[in-house]
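Visitor: Sharing a structure, written as structure tokens. Questions coming.
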């Protein structure tokens, strides 16, 4: 575990000879028309070699130094794989109507817990493609290694960022085999808080060998705060 690298990557990905499809830059996302308010735009925290990014990108960053920039060309087998005709199937239109879905060519859907895309709708049948939309494509990434954690505390903060997007206002105390994390009040209402804590704990166990994670929260009576202000 001591040899694992915790880094932050700024990147922009495009299809070779084609359009940009992803970026850690909000400016680029807005300019290229794929900006989403649900996404957090910031350099991505990655534990190198752990499959947290595409295999071809993981291979490339393993030898990069802090501040280094490079263009990485990734063939399909190290990206989203080759297109598999077995992953295209016909589904009755009735199945979609049961779910109150009006299928339209190009529409992304989720069936049987898998993401897919509608190809055609004809004669009461819908052709659905379960291949990733970038399957069979050669991808090109412009990558920069913008930061790297060196101390155990820095690495813990990096892992926190993987689950919560930011480690700001998280109070972290570390023992020999224990990590205590006081959660900031601003995240208490997050409906995915339990899942985020479970994900963070699992990564601390796996990547840093932590034996126990203790979470603490401090709830204040809002009425008491109002009384204090009036005084």
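The values are calculated or read from the model by the stated rules, or taken from the named source; none is laboratory data. The structure presented is a predicted model; accordingly, all values stated were derived computationally and were not measured. Here Cβ is always computed from backbone atoms with ideal geometry, including for glycine, and neighbour counts include all displayed protein chains.
Visitor: Please determine whether any residue of the stretch 122-130 is at pLDDT 95 or above and closer than 30 Å to residue 72 by Cβ.
Guide: Looking through the stretch 122-130, at least one residue is at pLDDT 95 or above and closer than 30 Å to residue 72 by Cβ.
Visitor: Based on what the data block shows, is residue 169 on the phi > 0 side of the Ramachandran plot and part of a loop (DSSP other than H, G, I, E, B)?
Guide: Working: on the phi > 0 side of the Ramachandran plot: yes; part of a loop (DSSP other than H, G, I, E, B): yes.
Against the criterion (on the phi > 0 side of the Ramachandran plot and part of a loop (DSSP other than H, G, I, E, B)), residue 169 qualifies.
Visitor: Give the residue, chosen from 51, 56, 67, 63, that is exposed (fewer than 15 other Cβ atoms within 10 Å of the Cβ), closer than 27 Å to residue 207 by Cα and touching a helix residue (DSSP H, G or I) at 6+ places or on another chain (Cβ under 7 Å). Write out each step before concluding.
Guide: Details: 56 fails: exposed (fewer than 15 other Cβ atoms within 10 Å of the Cβ); 67 fails: touching a helix residue (DSSP H, G or I) at 6+ places or on another chain (Cβ under 7 Å); 63 fails: touching a helix residue (DSSP H, G or I) at 6+ places or on another chain (Cβ under 7 Å).
It is 51.
Visitor: Being touching a helix residue (DSSP H, G or I) at 6+ places or on another chain (Cβ under 6 Å) and over 22 Å from residue 61 (Cα atoms) is the filter; apply it to the stretch 130-163 and report the residue that is surrounded by the most Cβ atoms within 10 Å (Cβ to Cβ).
Guide: 131
Visitor: Please determine, by comparing only the residues of the stretch 68-86 that are touching a residue at least 40 places away in the same chain (Cβ under 8 Å) and out of contact with any strand residue (DSSP E or B) (no Cβ under 7 Å at 6 or more places or on another chain), which one is farthest from residue 121 (Cα to Cα). Even if it seems obvious, please write down each step before you answer.
Guide: Let us first name the residues in the stretch 68-86 that are touching a residue at least 40 places away in the same chain (Cβ under 8 Å), namely 68-76, 79-84.
When the remaining residues are screened for being out of contact with any strand residue (DSSP E or B) (no Cβ under 7 Å at 6 or more places or on another chain), the result is 75-76, 80-84.
Numbers: 75: 31, 76: 28, 80: 26, 81: 26, 82: 24, 83: 21, 84: 20 Å.
Ranking the candidates gives 75 first.
Visitor: Report, by residue number, each residue of the stretch 101-160 that is in contact (Cβ under 8 Å) with a residue 60 or more places away in the chain, in a loop (DSSP other than H, G, I, E, B) and touching a strand residue (DSSP E or B) at 6+ places or on another chain (Cβ under 8 Å).
Guide: If we filter the stretch 101-160 for residues that are in contact (Cβ under 8 Å) with a residue 60 or more places away in the chain, which is where we start, we get 134, 136-149, 154-155, 158-159.
Adding the requirement that they be in a loop (DSSP other than H, G, I, E, B) leaves 134, 136-138.
Of everything in the stretch 101-160, those that are in contact (Cβ under 8 Å) with a residue 60 or more places away in the chain, in a loop (DSSP other than H, G, I, E, B) and touching a strand residue (DSSP E or B) at 6+ places or on another chain (Cβ under 8 Å) turn out to be 134, 137, 138.
Visitor: I would also like to ask the following. If residue 30 passes every condition in (1) touching a strand residue (DSSP E or B) at 6+ places or on another chain (Cβ under 9 Å); (2) not in a strand (DSSP E or B) but one, which one does it miss?
Guide: Among (1) touching a strand residue (DSSP E or B) at 6+ places or on another chain (Cβ under 9 Å); (2) not in a strand (DSSP E or B), the lone unmet condition for residue 30 is (1).
Visitor: Can I ask one more? Residue 105 is checked against (1) over 24 Å from residue 199 (Cβ atoms); (2) surrounded by 11 or more Cβ atoms within 10 Å (Cβ to Cβ); (3) within 21 Å of the chain's Cα centre (by Cα) and fails just one. What number does that condition carry?
Guide: Going through the list (1) over 24 Å from residue 199 (Cβ atoms); (2) surrounded by 11 or more Cβ atoms within 10 Å (Cβ to Cβ); (3) within 21 Å of the chain's Cα centre (by Cα), residue 105 breaks only (3).
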